[in-house]
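Here's the structure we're looking at; comments come further down.
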Amino acid sequence: MFSDAGKIILLAGLFMAIIGLLLIAFDKTGLWHWLNWFGHLPFDIRIEKENFRFYFPIGTSVLLSILLSLILYLINKFIR
(Lines give C-alpha, C1' and ligand atoms only; values in the text may rest on other atoms or scores of the structure.)
Protein backbone atom coordinates (compact mmCIF):
# COMPACT_ATOMS: atom_id res chain seq x y z
CA MET A 1 0.00 0.00 0.00
CA PHE A 2 2.69 2.50 0.97
CA SER A 3 5.04 1.38 -1.80
CA ASP A 4 2.63 2.70 -4.45
CA ALA A 5 2.42 6.07 -2.70
CA GLY A 6 6.21 6.11 -2.41
CA LYS A 7 6.60 5.53 -6.15
CA ILE A 8 4.20 8.34 -6.93
CA ILE A 9 5.96 10.75 -4.58
CA LEU A 10 9.35 9.78 -6.01
CA LEU A 11 8.18 10.29 -9.60
CA ALA A 12 6.56 13.61 -8.70
CA GLY A 13 9.79 14.74 -7.06
CA LEU A 14 11.87 13.74 -10.08
CA PHE A 15 9.43 15.51 -12.39
CA MET A 16 9.61 18.69 -10.29
CA ALA A 17 13.43 18.53 -10.25
CA ILE A 18 13.56 18.19 -14.04
CA ILE A 19 11.16 21.12 -14.48
CA GLY A 20 13.27 23.18 -12.07
CA LEU A 21 16.46 22.40 -13.97
CA LEU A 22 14.81 23.31 -17.26
CA LEU A 23 13.65 26.65 -15.84
CA ILE A 24 17.16 27.42 -14.58
CA ALA A 25 18.62 26.47 -17.97
CA PHE A 26 16.07 28.65 -19.79
CA ASP A 27 16.99 31.59 -17.57
CA LYS A 28 20.75 31.13 -18.04
CA THR A 29 20.60 30.69 -21.82
CA GLY A 30 18.06 33.42 -22.52
CA LEU A 31 15.45 31.02 -23.85
CA TRP A 32 12.94 32.33 -21.30
CA HIS A 33 11.31 34.56 -23.93
CA TRP A 34 10.15 31.33 -25.60
CA LEU A 35 7.67 30.95 -22.70
CA ASN A 36 6.26 34.50 -22.88
CA TRP A 37 2.94 33.17 -24.18
CA PHE A 38 2.48 31.36 -20.87
CA GLY A 39 0.04 33.40 -18.81
CA HIS A 40 -1.24 35.37 -21.79
CA LEU A 41 -3.61 32.78 -23.22
CA PRO A 42 -7.23 33.42 -24.17
CA PHE A 43 -9.52 33.38 -21.12
CA ASP A 44 -6.74 34.65 -18.84
CA ILE A 45 -8.43 37.54 -17.04
CA ARG A 46 -6.21 40.55 -16.43
CA ILE A 47 -7.46 43.82 -14.94
CA GLU A 48 -4.90 46.53 -14.27
CA LYS A 49 -5.77 49.90 -12.79
CA GLU A 50 -3.65 52.59 -11.20
CA ASN A 51 -3.42 51.03 -7.71
CA PHE A 52 -4.98 47.65 -8.43
CA ARG A 53 -3.96 44.57 -10.36
CA PHE A 54 -6.10 41.45 -10.71
CA TYR A 55 -4.99 38.38 -12.63
CA PHE A 56 -6.93 35.12 -12.94
CA PRO A 57 -5.32 32.63 -15.37
CA ILE A 58 -8.27 30.47 -16.43
CA GLY A 59 -6.85 29.55 -19.84
CA THR A 60 -3.42 28.75 -18.42
CA SER A 61 -5.02 26.64 -15.66
CA VAL A 62 -7.02 24.63 -18.18
CA LEU A 63 -3.91 24.05 -20.33
CA LEU A 64 -1.85 22.95 -17.31
CA SER A 65 -4.67 20.67 -16.17
CA ILE A 66 -4.82 18.97 -19.57
CA LEU A 67 -1.02 18.57 -19.76
CA LEU A 68 -0.69 17.22 -16.22
CA SER A 69 -3.61 14.83 -16.75
CA LEU A 70 -1.95 13.50 -19.89
CA ILE A 71 1.42 13.12 -18.16
CA LEU A 72 -0.11 11.34 -15.16
CA TYR A 73 -2.14 9.07 -17.47
CA LEU A 74 1.01 8.07 -19.35
CA ILE A 75 2.94 7.49 -16.12
CA ASN A 76 0.10 5.37 -14.77
CA LYS A 77 -0.12 3.40 -18.01
CA PHE A 78 3.61 2.55 -18.00
CA ILE A 79 3.82 1.77 -14.28
CA ARG A 80 1.05 -0.83 -14.36
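Scan the stretch 59-66 and tell me whether some residue there is touching a residue at least 24 places away in the same chain (Cβ under 8 Å), hydrophobic (A, V, I, L, M, F, W, C) and not assigned by TED's automatic domain parsing to the domain that holds ALA5. No, every residue in the stretch 59-66 fails to be touching a residue at least 24 places away in the same chain (Cβ under 8 Å), hydrophobic (A, V, I, L, M, F, W, C) and not assigned by TED's automatic domain parsing to the domain that holds ALA5. With respect to being outside the structural domain of LEU11 (by TED's automatic domain parsing), at pLDDT 85 or above, surrounded by 11 or more Cβ atoms within 10 Å (Cβ to Cβ) and under 30 Å from ASP4 (Cβ atoms), LEU70 falls outside the description. Looking at (1) loosely packed, with under 12 Cβ neighbours inside 10 Å; (2) more than 13 Å from the chain's Cα centre (by Cα), find the lone condition where SER65 falls short. Unmet condition: (2).
In the stretch 5-60, the qualifying residues are those that are outside any strand (DSSP E or B) and charged (D, E, K, R), and the one that is surrounded by the fewest Cβ atoms within 10 Å (Cβ to Cβ) is GLU50. All of (1) touching a residue at least 12 places away in the same chain (Cβ under 8 Å); (2) at positive phi hold for GLY30 with one exception: (1).
The values are calculated or read from the model by the stated rules, or taken from the named source; none is laboratory data. Being a predicted model, the structure only gives us computed values, none of them experimental. Cβ: placed from backbone, ideal geometry, glycine included. Neighbour counts: every protein chain shown.
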